[in-house]
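What follows is a short report on a single structure.
Nothing in this text is a laboratory measurement; each read-out follows from the coordinates by a stated rule. Quantities reported herein were computed from a predicted structural model and do not represent experimental measurements. No Cβ is skipped: glycine too gets one built from the backbone with ideal geometry, and neighbour counts run over all protein chains shown.
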Amino acid sequence: MAATQLKLMWRERRLFWLALAVLLLAGASVATSAGRLSAQSRERLAVAEEEARLWDSQGVIDPHDAAHTGRAVPAPVRPLAAFDPGLSDFLGSSVFIEAHAQNPARHRPIEAGAALSRFSGFSAAWALQAVAPLLVILAGFATMSGEVARDRLRHELGAGASAAALVGGRLIALAAAAGLLTLAMIGVSLPAILLQDAALIEMMALAVMAGGHVLYLVAFCALTVAASGLFASARTALVTLLAFWAVATLLVPRIAPAVAEALEPTPSAPAFRAAVLEEVENGVSGHDPADARLDAVKAGLLALYEVGDVADLPINFRGVSLEFGEKNSTETYNRHFQRLYAVYRRQEAALRTFAVLSPTVALQPWSRAFARTDFGAHLDYVRGVEDYRYRLIQTLNLEVKMNKPPPGERYHLADIASLTRSVVFAPHQQRLVDVAVAQLPNLAILVAWAAFALCLAGVSALRIERLS
Amino acid sequence: MSALGISGYELRRMVRDPALPVLLVLLLVLSTVAARNGADWVEQREAAIAVIEAEERAAVALLRPRIDQLPGATPRSQPVLPPGSMAALSIGQADAYPFAASVHALADSQIFSRLSTDIGNPTLRAAGRFDLAFVVVFLLPLVLLAATYDLWSRERERGIAAMVLSQPVAIGPLIAVKGLSRGLTVLLPAAAIIMAVAAWAGATSPAGLAALGLIVLAYGGFWLAAAVMINLFARRSTEAAIGAGTIWLAVVVMAPALTLAGLELAAPPPSEMRFATALKTRDAAIRERQRLHRVAHPTTDRTPPPRIPDRMRDLYADRVAADGELAPLIDAQQRARDARRHLLDLARFLLPSVAVQDALDRIAGSDADRALAFQRQALEFQAERRRWTKQRMDLDAPLTLAELDLLPRFQFRERGSAFQSSVLADLAALLVATLLILAAARALRGRAATP
């Protein structure tokens, strides 16, 4: 039955050409992505080298001056972004680290565009998430609906075939075609991914991503076969399926984020900054000025060393003050960023509830997470940079603290390159298994959709049974 | 059969079709949600601007009691770009450009970096904004195609076409009148719905609403022409539906996305990362050179000492000199950005959906050109602040308490109306595309003459 159905689909050449056209377009998209990623890799490597050179060439200066000079830490390029760019265009590609502040990542590719920039987002993954379901619908809506298909169905039933076999055969044929399309899409992406020096872990992630897409397409195949069996008219089946496709792949993924943001509003950048500065100045309670807290530290030190003036301390109080200020501002920034990320998490939870209406809402985060182009991967990078920033700045502050300026000099000077040689940026990357665990809810949703669609196909088989 | 007769028949058919009210109600609901989103965005932007203005007032209040002890001090000013009067219509490029600057006479010319970061959830941003512009660009064509995709194919399918063609009737006018009657039955209420919800969301400029109406009608006209073209080829309604879906996907999604990807590869944007590093390197070198120069040639103390300390004059002179040296680097980067944006702007003339998006962004005031006009005006304001500061330094006249509130303030000067030349160019591009399709349809009208 499946083989016959595949033969019939093969004869419908328009769909084959359409699928081929989509494949070619996805291939073109992957090729442009690969070119872009290679350019980004070169750019980021050059910037990292230049920043390291600049940092080391500061020579012998006041360590706190170096802390203000700062340095930029570019984000890594993700090889699987060639297949699923995910949020890449909406995330900053570099963080500028300096004393006293946690700067957000800057240089988002989406910035400084034009009206055309709002149309970005076509990728091999998007083709599988939005266009492939459309192809599945077009290939399968008339397999059992419409006068010709119904007549054939009656003949097949009359010849003794069971409805389950008829529905199952059509479903297997459609799913096989969808699987083939997924494989072809992965196939055209593979050279571009390998070109980005993808490691074994990336290839494993790609396989898991492909699995998610297959599950998603199976759900669409089953829904299509079910609609085709449930509606006698091909037109009704097509309109119903197209309406579902438009809602699931276009409308819900666009409306759900707006609803999520309305339910859980994100603070504006100026409000966020003002809140951080207020807390740095006046403490969490708003009545604990930083100056007073520093005075308490000073009093503690004077008591510890049993001296009456900071000048008599065996350590440099300027360094103590800088260390205190950095700890204070870092803790404040951390608290506020945690709150901001908590808002993001609540928004994403609200977004996920829309997966009831659209499996695409569950598939997109699944695919991005394994491609390392989601916010979680960006957060790993940003947290790694912040950890590096704090260690770097406090190393400089410690140097100030432990060294009083020579007599007649205002500041203690140090060779910045030697002082900070041991402080290196150690990017942290989530293990694949951790990503998988975090994505279990999305997997469960996809499985539930596939199961629901298969049940619906079963119901359609029962209805068809009555035709005989 | 007269044109009026055909038109009346089509109108009656459309009115009896239960799908029409469903489509229009759907459009109304989606437009209302989108307009509400646009209005929410305007509120959020205004709230952010209020925070910035409060910050500026707080800085002035902080300076007020200490102004006599700080001769030469001037408060930081924070120019802002307010949302336009039709802002609820389209968020467009408003998130992609800075809407505030931080101006100080003694600070460098990178005045947009401090306040320009968008901290919205990238997952939500990547999904795209659900605003009225999205409804017009992406969803309105689907509504129109749903109402017109089987304009002639249905007649063919049911055998009515053969009967009609046996009458003394010219096929071209027949299809044209059918398309126009059926299309306008959907398009006119759709345009009214979109304009009404835009006005409800606060986009109340009469010229803006008129421009919006024109754009919606022109874009609708393009899709009606596309529906006519599809029906010349399709012999079955399902074929027509597939054709309509494919053309929608090609025009609204794939062609713009692939054009953008191609342009990114052929003319990549200038590297902002490299620019930032190069600027930092150059700035550090200039400042070090200036520091060494000041150490070697210290400014001699004057007697009696000026009211504004010479240290401030040195700072000012060094900053202005540094900016002068950095200007070629900054200008080169700006030229590269402009060249790329120009290319993206040009591409819209070949892509009807992008031309409509561009026109809606411009009507809403969320286009790149308005954001860039703000940047230019903010930089001019900084230059004006510097000239004012220089004048006071030359006169050795520190800012007084009475003058604090009289300092020149930034006011964004709007450029262009809702019918600015770029919007007219977008309209012209749409009309040309529509006329080309109609011309092709006219040439191919014989295909519809076979039942």
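Residue-by-condition table, conditions (1) more than 14 Å from chain A (Cβ to nearest Cβ); (2) of a type outside the set (D, E, K, R); (3) in contact with a Gly (Cβ under 8 Å, 6 or more places away or on another chain):
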residue	(1), (2), (3)
B:311	yes, no, no
B:329	yes, yes, no
B:333	no, yes, no
B:338	no, no, no
B:350	no, yes, no
B:364	no, yes, yes
B:380	yes, no, no
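Looking at segment A:200-220, can you tell me whether even one residue there is within 24 Å of residue A:16 (Cα to Cα), within 14 Å of another protein chain (Cβ to nearest Cβ) and without any contact (Cβ under 8 Å) to a residue 40 or more places away in the chain? No, every residue in segment A:200-220 fails to be within 24 Å of residue A:16 (Cα to Cα), within 14 Å of another protein chain (Cβ to nearest Cβ) and without any contact (Cβ under 8 Å) to a residue 40 or more places away in the chain.
Only residues that are facing chain B (nearest Cβ under 10 Å) and without any contact (Cβ under 8 Å) to a residue 40 or more places away in the chain were counted in segment A:236-245, giving 2.
If the condition is being away from every other protein chain (no Cβ under 12 Å) and assigned to a helix (DSSP H, G or I), then segment B:133-157 contributes B:136, B:140, B:144, B:147, B:148, B:155, B:156.
Scanning segment B:345-357 for residues that are part of a helix (DSSP H, G or I) and touching a Ser or Thr at 6+ places or on another chain (Cβ under 7 Å) returns a single hit, B:347. Among the residues of segment B:104-119, is any in contact with a Leu (Cβ under 7 Å, 6 or more places away or on another chain), crowded, with 22+ Cβ neighbours inside 10 Å and within 13 Å of chain A (Cβ to nearest Cβ)? For segment B:104-119, residues in contact with a Leu (Cβ under 7 Å, 6 or more places away or on another chain), crowded, with 22+ Cβ neighbours inside 10 Å and within 13 Å of chain A (Cβ to nearest Cβ): absent.
Taking the residues in segment A:125-157 that are in contact with a helix residue (DSSP H, G or I) (Cβ under 9 Å, 6 or more places away or on another chain), in a helix (DSSP H, G or I) and not hydrophobic (A, V, I, L, M, F, W, C) as candidates, determine which candidate is surrounded by the fewest Cβ atoms within 10 Å (Cβ to Cβ).
Keep residues of segment A:125-157 that are in contact with a helix residue (DSSP H, G or I) (Cβ under 9 Å, 6 or more places away or on another chain), which gives A:125-150, A:153-154, A:156-157.
Keeping just the survivors that are in a helix (DSSP H, G or I) gives A:125-140, A:147-150, A:153-154, A:156-157.
Remaining after also requiring not hydrophobic (A, V, I, L, M, F, W, C): A:129, A:133, A:140, A:147, A:150, A:154, A:156.
Details: A:129: 23, A:133: 25, A:140: 31, A:147: 10, A:150: 16, A:154: 13, A:156: 20.
In this case the residue turns out to be A:147.
Within segment B:1-22, not a single residue is within 37 Å of the chain's Cα centre (by Cα) and over 18 Å from residue B:145 (Cα atoms).
Residue check: is residue A:227 surrounded by 24 or more Cβ atoms within 10 Å (Cβ to Cβ) and away from every other protein chain (no Cβ under 14 Å)? Against the criterion (surrounded by 24 or more Cβ atoms within 10 Å (Cβ to Cβ) and away from every other protein chain (no Cβ under 14 Å)), residue A:227 does not qualify.
Within the bounds of segment A:94-102, is there any residue that is closer than 18 Å to residue B:253 by Cα, β-branched (Val, Ile, Thr) and either surrounded by fewer than 24 Cβ atoms within 10 Å (Cβ to Cβ) or within 9 Å of chain B (Cβ to nearest Cβ) (or both)? No; the residues of segment A:94-102 include none that is closer than 18 Å to residue B:253 by Cα, β-branched (Val, Ile, Thr) and either surrounded by fewer than 24 Cβ atoms within 10 Å (Cβ to Cβ) or within 9 Å of chain B (Cβ to nearest Cβ) (or both). A residue that is assigned to a strand (DSSP E or B) and either more than 7 Å from chain B (Cβ to nearest Cβ) or not aromatic (Phe, Trp, Tyr) (or both) cannot be found anywhere in segment A:112-124. A residue that is within 18 Å of residue B:135 (Cβ to Cβ), in a loop (DSSP other than H, G, I, E, B) and away from chain A (no Cβ under 14 Å) occurs somewhere in segment B:189-203.
Restricting attention to segment B:1-48 and to residues that are within 13 Å of chain A (Cβ to nearest Cβ) and of a type in the set (Gly, Ala, Ser), the residue that is nearest to residue B:120 (Cα to Cα) turns out to be B:48.
Filtering segment A:246-263 to residues that are more than 9 Å from chain B (Cβ to nearest Cβ) and touching a helix residue (DSSP H, G or I) at 6+ places or on another chain (Cβ under 6 Å) leaves A:248, A:249, A:252, A:263. Taking segment B:297-313, which residues are assigned to a helix (DSSP H, G or I) and touching a Pro at 6+ places or on another chain (Cβ under 9 Å)? Residues satisfying the conditions are B:312, B:313. Residues in segment A:49-98 that are assigned to a strand (DSSP E or B) and of a type in the set (Asp, Glu): A:98 only.
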